[in-house]
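Asks: Following this message is one structure expressed as structure tokens.
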Amino acid sequence: MNIQAWRGWFSALLLSLAVLAMAPAVAHAEYPIKVRPPNGLALTPPMGWNSWNRFGCDIDEAKIRAEADALVASGMKDAGYSYLIIDDCWQVSRDGHGDILADAKRFPSGIKALSDYIHIKGLKFGIYSDAGDFTCQGRPASRGHEYQDAAQYARWGVDYLKYDWCNTENVNAQVAYETMADALRATGRPIVFSLCEWGLHQPWKWGAAAGGNLWRTTNDIWDSFNVSGHYGEWSSVLDIIDQEAPLAAYAGPGHWNDPDMLEVGNGGMSLDEYRTHFGMWAMLSAPLIAGNDVAHMTPETAKILMAKEIIAIDQDPVGSQARRYEKSQTFEVWKKNLSGGRTAILVLNKSDQPQTVTTALGPLDMSTTKSFSVRDAWAEADQGLMTGEIKSTLPPHGSKVWVLTPAK
């Protein structure tokens, strides 16, 4: 990805943080909130594809259409990936009436025609904007144009809005996201609202009441298992897992914690690490927004992204986010309640060496005398009946996902 683009984003973030530090009364004031009724969307975590992690600003109409074609042809759409979301850099200016304009060189047919193409494919269309004066890449954003932009999105057939947080000097996050939520609802079109302010103002505490369906809880993800990027400003998989651990109570149908988009297939991690990344996001009831080049993905990447029983854990209608029950320097154990009285358990090897982890059920608040039917969710294979404990043999940075059903 273009290093100048990343530097621009990083500079904008530092400037925003500096202003927030200088103006705590504006940035951190407690505002009374009018609780908005649920919009009935995202009752399970949204699944789809976003252009940013793989392409950054290098997007155009032909490339997006190719990804739409690939989502269908690869089986991703049938696996549940329904949203195709264009991230930053599609917009260039506003016209004399203040309406947002797409880059005519990159999108010569216009956004409405592209949206129509995506809908004809049986997919839903998502777009990007920002709560500040400019987006993270310096394009026109929505501050002061919220209702105008929302109306334009509705005319284009937008189904999902990712709303970022760059260049937001002297803006209160809660108020900014409330304003856009109200603008989206005023259109009468059902549009999933994704709040993307990186967890700076604890959106899990107010995001649902403000009208959001999901909210970012962390810095941007870095395509690495355990190494942070750019002096710690971008987060590895393990960084994000740690940040998500205390937030389980805030997630549920229609309102989700968002640990950022998937990096599976982008080349920075091993296959075992990508399986752990994907399995953990499923345990966390996270939105599963792929960020790879679907049109050119390998069979190994496709197998991870379309792992049926892992996706089922993410999409379970109970909507319970996993909780971490055990953490050591070398491994972790997570538990997620599923429908039908079932339980998902993920055992994670954080070390650089293979290891076998024995997980006792008692500390997981589960019966130590009852027998459970155990299924390996990655292998999609039954493992028979077990009582009291489960043993997991794990490769370096690998994990096992078990689904336990009480035996009759």
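Asks: With the condition kept exactly as written, say whether any residue in segment 134-142 is assigned by TED's automatic domain parsing to the domain that holds Asn167, surrounded by fewer than 15 Cβ atoms within 10 Å (Cβ to Cβ) and more than 23 Å from the chain's Cα centre (by Cα).
Replies: Taking every residue of segment 134-142 in turn, none turns out to be assigned by TED's automatic domain parsing to the domain that holds Asn167, surrounded by fewer than 15 Cβ atoms within 10 Å (Cβ to Cβ) and more than 23 Å from the chain's Cα centre (by Cα).
Asks: If we only count helices (runs of 4 or more DSSP H) wholly inside segment 59-171, which ones have 3 or more residues that are β-branched (Val, Ile, Thr)?
Replies: Output list reads 111-120.
Asks: Out of (1) touching a residue at least 40 places away in the same chain (Cβ under 8 Å); (2) crowded, with 23+ Cβ neighbours inside 10 Å, what's the single condition that is false for Asp220?
Replies: Just one mismatch for Asp220, condition (2).
Asks: Another question, if that's okay. With the requirement that a residue be within 18 Å of Glu309 (Cβ to Cβ), crowded, with 24+ Cβ neighbours inside 10 Å and in contact (Cβ under 8 Å) with a residue 60 or more places away in the chain, what does segment 259-277 give you?
Replies: Correct list: Leu262, Arg275, Thr276.
Asks: If you don't mind, there's one more thing I want to ask. Could you check segment 278-299 and list, in sequence order, the residues that are out of contact with any Phe, Trp or Tyr (no Cβ under 9 Å at 6 or more places or on another chain) and crowded, with 24+ Cβ neighbours inside 10 Å?
Replies: Of everything in segment 278-299, those that are out of contact with any Phe, Trp or Tyr (no Cβ under 9 Å at 6 or more places or on another chain) and crowded, with 24+ Cβ neighbours inside 10 Å turn out to be Phe278, Trp281, Ala282.
Asks: Ok, one more. In segment 305-343, what residues are without any contact (Cβ under 8 Å) to a residue 60 or more places away in the chain and either buried (at least 18 other Cβ atoms within 10 Å of the Cβ) or on the phi > 0 side of the Ramachandran plot (or both)?
Replies: Within segment 305-343, Val333, Trp334, Lys335, Lys336 meet the criteria.
Asks: Now for a different question. Please go through segment 205-242 and pick out each residue that is part of a helix (DSSP H, G or I) and in contact with a strand residue (DSSP E or B) (Cβ under 8 Å, 6 or more places away or on another chain).
Replies: Val237, Ile240, Ile241
Asks: Scan (1) over 20 Å from the mean Cα position of the chain (by Cα); (2) touching a residue at least 12 places away in the same chain (Cβ under 8 Å) for the single condition Ala62 breaks and write down its number.
Replies: For Ala62, the failing item is (2).
Asks: Can you pull out every residue in segment 173-204 that is touching a helix residue (DSSP H, G or I) at 6+ places or on another chain (Cβ under 6 Å) and either surrounded by 22 or more Cβ atoms within 10 Å (Cβ to Cβ) or assigned to a helix (DSSP H, G or I) (or both)?
Replies: Matches in segment 173-204: Thr179, Met180, Ala183, Leu184, Ile191, Phe193, Leu195, Glu197, Trp204.
Asks: Being closer than 21 Å to Pro354 by Cα, in a loop (DSSP other than H, G, I, E, B) and at pLDDT 95 or above: is that true of Ser320 here?
Replies: no
Asks: Right, Ala302: assigned by TED's automatic domain parsing to the domain that holds Ala286, buried (at least 16 other Cβ atoms within 10 Å of the Cβ), over 20 Å from Asp242 (Cβ atoms) and touching a residue at least 60 places away in the same chain (Cβ under 8 Å) or not?
Replies: Against the criterion (assigned by TED's automatic domain parsing to the domain that holds Ala286, buried (at least 16 other Cβ atoms within 10 Å of the Cβ), over 20 Å from Asp242 (Cβ atoms) and touching a residue at least 60 places away in the same chain (Cβ under 8 Å)), Ala302 qualifies.
Asks: While we're looking at this one, here's another question. Does at least one position in segment 282-289 carry a residue that is within 14 Å of the chain's Cα centre (by Cα) and either in a helix (DSSP H, G or I) or in the same structural domain as Gln355 (by TED's automatic domain parsing) (or both)?
Replies: yes
The values are calculated or read from the model by the stated rules, or taken from the named source; none is laboratory data. Computed from a prediction, not measured in an experiment: that's the story for all the values here. Backbone-built Cβ (ideal geometry, glycine too); neighbour counts: all protein chains shown.
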